[in-house]
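As C-alpha cells, the structure follows; a few thoughts come after it.
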Amino acid sequence: MLKPLGDRVILEVAQEEEKTVGGIVLASAAKEKPQNGTVIAVGEGRVLDNGTKVPAEVKEGDTVMFEKYSGTEVKFDGKEYLIVSGKDIIAIVE
Amino acid sequence: MLKPLGDRVILEVAQEEEKTVGGIVLASAAKEKPQNGTVIAVGEGRVLDNGTKVPAEVKEGDTVMFEKYSGTEVKFDGKEYLIVSGKDIIAIVE
Amino acid sequence: MLKPLGDRVILEVAQEEEKTVGGIVLASAAKEKPQNGTVIAVGEGRVLDNGTKVPAEVKEGDTVMFEKYSGTEVKFDGKEYLIVSGKDIIAIVE
Amino acid sequence: MLKPLGDRVILEVAQEEEKTVGGIVLASAAKEKPQNGTVIAVGEGRVLDNGTKVPAEVKEGDTVMFEKYSGTEVKFDGKEYLIVSGKDIIAIVE
Amino acid sequence: MLKPLGDRVILEVAQEEEKTVGGIVLASAAKEKPQNGTVIAVGEGRVLDNGTKVPAEVKEGDTVMFEKYSGTEVKFDGKEYLIVSGKDIIAIVE
Amino acid sequence: MLKPLGDRVILEVAQEEEKTVGGIVLASAAKEKPQNGTVIAVGEGRVLDNGTKVPAEVKEGDTVMFEKYSGTEVKFDGKEYLIVSGKDIIAIVE
Amino acid sequence: MLKPLGDRVILEVAQEEEKTVGGIVLASAAKEKPQNGTVIAVGEGRVLDNGTKVPAEVKEGDTVMFEKYSGTEVKFDGKEYLIVSGKDIIAIVE
C-alpha cells in the first residue's frame with residue numbers, strides 16, 4: 001500500500017486517447033482540459049502556520065477532476081498511479 | 001453534478017464572437033475585456049492561515065464578470081463549463 | 001448595476017488625450033503620470049489572514065488618482081468603466 | 001489637496017541638475033545617490049496581517065532622503081509632486 | 001553518525017539503472033518517475049511561524065518515494081546518502 | 001544629523017583599494033569579500049506582522065562587516081555614508 | 001572576535017582539492033557534494049513573525065555539512081572563515 005504525505009492524494013487516472021501524427025502530440029483546438037481520476041488514498045492534509053491540519057476535501061472512492069500535467073506518476077505493484085497535491089484537484093464528480 | 005473545491009466557482013460562460021482572419025485571432029484595438037458568465041456552483045471557500053474558511057462573495061445564479069483567460073474549461077454531461085478561482089471574479093452584474 | 005468584489009473599486013475614468021504620430025503612442029518626455037477617475041462603487045474590502053475585512057480608503061463619489069495601466073476595463077450599459085484593486089489607488093483629490 | 005492612501009507619502013522634491021550630452025543622461029562615475037524632498041502629506045499607514053495600522057515614521061514638513069526612481073510623479077494645481085511608499089524613504093535629515 | 005537539521009531526512013537510495021547511449025542519458029518515454037529510498041535519520045522538523053515544530057511524517061526504517069533530483073548527496077563513512085527536505089517525500093511504501 | 005528609518009543602519013565605511021587596469025575593476029581571484037564599517041546611527045527596527053518592533057542587533061560605534069554592494073550611498077555635510085538594511089550586516093567585529 | 005548576526009553561523013572550512021585543467025574547474029561526474037566545516041560562533045537566531053527567536057540547531061565546536069557555494073567568506077586576524085545562514089547547514093557529523 002502507498003500512504004501519501006502532506007496534502008497529497010493518490011489517484012488512479014482514467015486514460016484518454018491522444019491524437020498524434022508521427023508521434024507528435026497534436027494540440028487540441030480547444031483550451032487544455034483537465035483529466036479525471038479515482039481517489040485511492042488521501043494524505044493527512046497540509047499544516048497551517050498556526051499548527052492545525054487542513055484535511056483534503058476529497059475521500060477514497062471519489063471521482064475527481066484534476067489539472068492536467070499536475071502531480072507525479074508512480075508505479076506500485078505493477079500499476080500506474082498519479083500523486084497530486086490537493087490544491088490541483090478542481091472538482092468532485094458527483 | 002460537479003462540486004468545485006476550495007475557492008473555485010463553476011461558471012456557464014456567455015459566448016462571444018471572435019473576429020478572425022484565416023484562423024488567427026485579431027487583437028482588438030482596445031484593452032482586453034473580461035467575460036460574463038452565470039454561477040452554477042460555488043466551492044466551500046479558501047482556508048485562511050488561522051484555519052477559518054472564507055466563503056465566496058458570489059452565489060448560484062449570479063451573473064458575474066471574470067478575467068478573460070482565467071480558469072480551466074471542463075466538459076460535463078455534454079456541456080462546457082469554466083471553473084475559475086474566486087479571486088478571478090471581478091464583479092457581480094446586478 | 002455592477003458590484004465589485006474583494007478590494008476592487010469601479011471607476012469612471014477621466015479621458016486624456018494621447019499624442020500619436022501615425023497611430024503610434026508617443027512616449028512623453030516625463031515619467032509616466034497616473035490618471036484620474038471618479039469612484040462609482042467599492043468592494044467589501046480585502047480579507048486579512050486573521051479573517052477580518054479591511055475596507056477601502058475611498059468611497060463613492062471620491063475623485064482619485066490611480067496607477068496608469070492598472071485594472072481591467074469593463075463595458076456596462078453602454079458605458080466604459082475601469083475596475084482597479086484598491087492598492088492601485090494612489091491618492092484622493094480633495 | 002491630495003490625500004495619499006496606505007503607506008504612501010507625498011513629497012515635494014528638491015531638483016537636481018543632470019549632466020547630459022545631446023539629451024542622453026550621463027551615468028555618474030559613483031553609485032546612484034538618493035534624492036531629497038520635503039514631506040507634504042502622509043497616508044494613514046500600512047495595515048498589518050493582524051489588522052493594526054503602522055503609521056509612517058515621517059511627518060509633514062520633514063526633509064527626507066528617498067531611493068531615486070521610486071514612486072509616482074503627480075501633477076496637482078500646476079505643481080509636481082512625488083508619491084512614494086514609506087518603505088522607500090531612507091532617512092530623515094534633522 | 002549524521003544528524004539532519006530542520007525538516008531534512010537522510011535516505012539510503014535504491015539504485016536504478018539508467019539507459020544511456022554514448023554517455024547521454026536517454027529520456028524515458030514516460031513522465032519522470034520518483035525514486036525509492038530508506039529513511040536513515042530524521043531531523044527535528046520545521047519551525048512554524050508560531051514557534052512550534054512540525055515533526056516529519058516519516059520515521060527511521062520507512063521505505064519512501066521522493067521526487068527525483070531533489071536533495072543533496074553526501075558521502076559519510078564511505079557510503080552515499082541523500083538528504084532531502086521532508087516536503088520532497090511523496091509517499092511511504094507500506 | 002541623519003536618522004535612518006525602519007531597520008536601516010548608517011555606516012561610515014572603511015575604504016579599500018581596488019586594483020584597476022585602465023579604469024576597469026579587476027575581479028579578484030577569490031570569492032567576493034564583505035566590507036567593514038562603523039555604525040553611525042541605527043533605525044527603530046523592523047515591524048513584525050504582530051505589530052512589535054525588532055531592534056537592530058548593532059549599536060552606535062560598533063565595527064561591523066556587511067555584504068559588499070548592499071545599501072545606498074548618501075552624502076551628508078560633505079561626508080559619504082552608506083545606509084544598509086540590518087539584514088545585510090553579517091557580523092560585529094569585537 | 002567575530003559575532004555573527006541573526007541566524008548566521010561562522011565556520012572554519014575544511015579545504016578540499018579541486019581538480020582543474022589549465023585553471024578551469026572540472027565538473028565532477030557526480031552531483032555537487034556539500035562541504036564540511038567546524039562551527040566557530042553562532043548568532044542569536046532568526047526572529048519569527050510572532051517575535052520569538054529560534055536558536056540555531058548547531059553549537060560551537062560542531063562539525064557540520066553545509067551547502068557548497070553558500071555563505072560569505074570573511075578574513076579576520078589573518079584567517080579565512082565562512083559565514084553561512086543556519087538554513088544552509090544540512091547536518092551535524094557526530
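The values are calculated or read from the model by the stated rules, or taken from the named source; none is laboratory data. Keep in mind that what you see is a predicted model, and the values were worked out from it rather than measured. Positions of Cβ are generated from backbone atoms using ideal geometry, with glycine treated the same way; all protein chains shown enter the neighbour counts. Side chains are part of the model used for accessible areas, which takes the heavy atoms of the whole protein and leaves out ligands, DNA and RNA. Shrake-Rupley method; radii C 1.70, N 1.55, O 1.52, S 1.80 Å.
At-a-glance table
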| quantity | calculated |
| --- | --- |
| Extreme residue, surrounded by the fewest Cβ atoms within 10 Å (Cβ to Cβ), among residues of segment F:76-93 that are assigned to a strand (DSSP E or B) and more than 14 Å from chain G (Cβ to nearest Cβ) | F:LYS79 |
| Search result, residues across segment F:48-61 that are touching a strand residue (DSSP E or B) at 6+ places or on another chain (Cβ under 9 Å), without any contact (Cβ under 8 Å) to a residue 40 or more places away in the chain and surrounded by fewer than 17 Cβ atoms within 10 Å (Cβ to Cβ) | F:GLY51, F:LYS53, F:PRO55, F:LYS59, F:GLU60, F:GLY61 |
| Those residues of segment F:52-75 which are within 8 Å of chain G (Cβ to nearest Cβ) and in contact with a helix residue (DSSP H, G or I) (Cβ under 6 Å, 6 or more places away or on another chain), in sequence order | F:GLU67 |
| Single residue of segment F:62-72 satisfying the filter (open to solvent by less than 50 Å² (accessible area, probe 1.4 Å) and of a type outside the set (Val, Ile, Thr)) that is farthest from D:PRO34 (Cα to Cα) | F:ASP62 |
| Yes/no for B:GLU44 being modelled with pLDDT of 95 or more, part of a loop (DSSP other than H, G, I, E, B) and touching a Leu at 6+ places or on another chain (Cβ under 6 Å) | no |
| Residues (of a type outside the set (A, V, I, L, M), part of a strand (DSSP E or B) and under 8 Å from the mean Cα position of the chain (by Cα)) located in segment C:54-75 | C:PHE66 |
| Residue list for segment G:1-34, restricted to those being modelled with pLDDT under 90, open to solvent by less than 60 Å² (accessible area, probe 1.4 Å) and either touching a Cys at 6+ places or on another chain (Cβ under 7 Å) or not basic (Lys, Arg) (or both) | G:ALA14, G:ALA30, G:PRO34 |
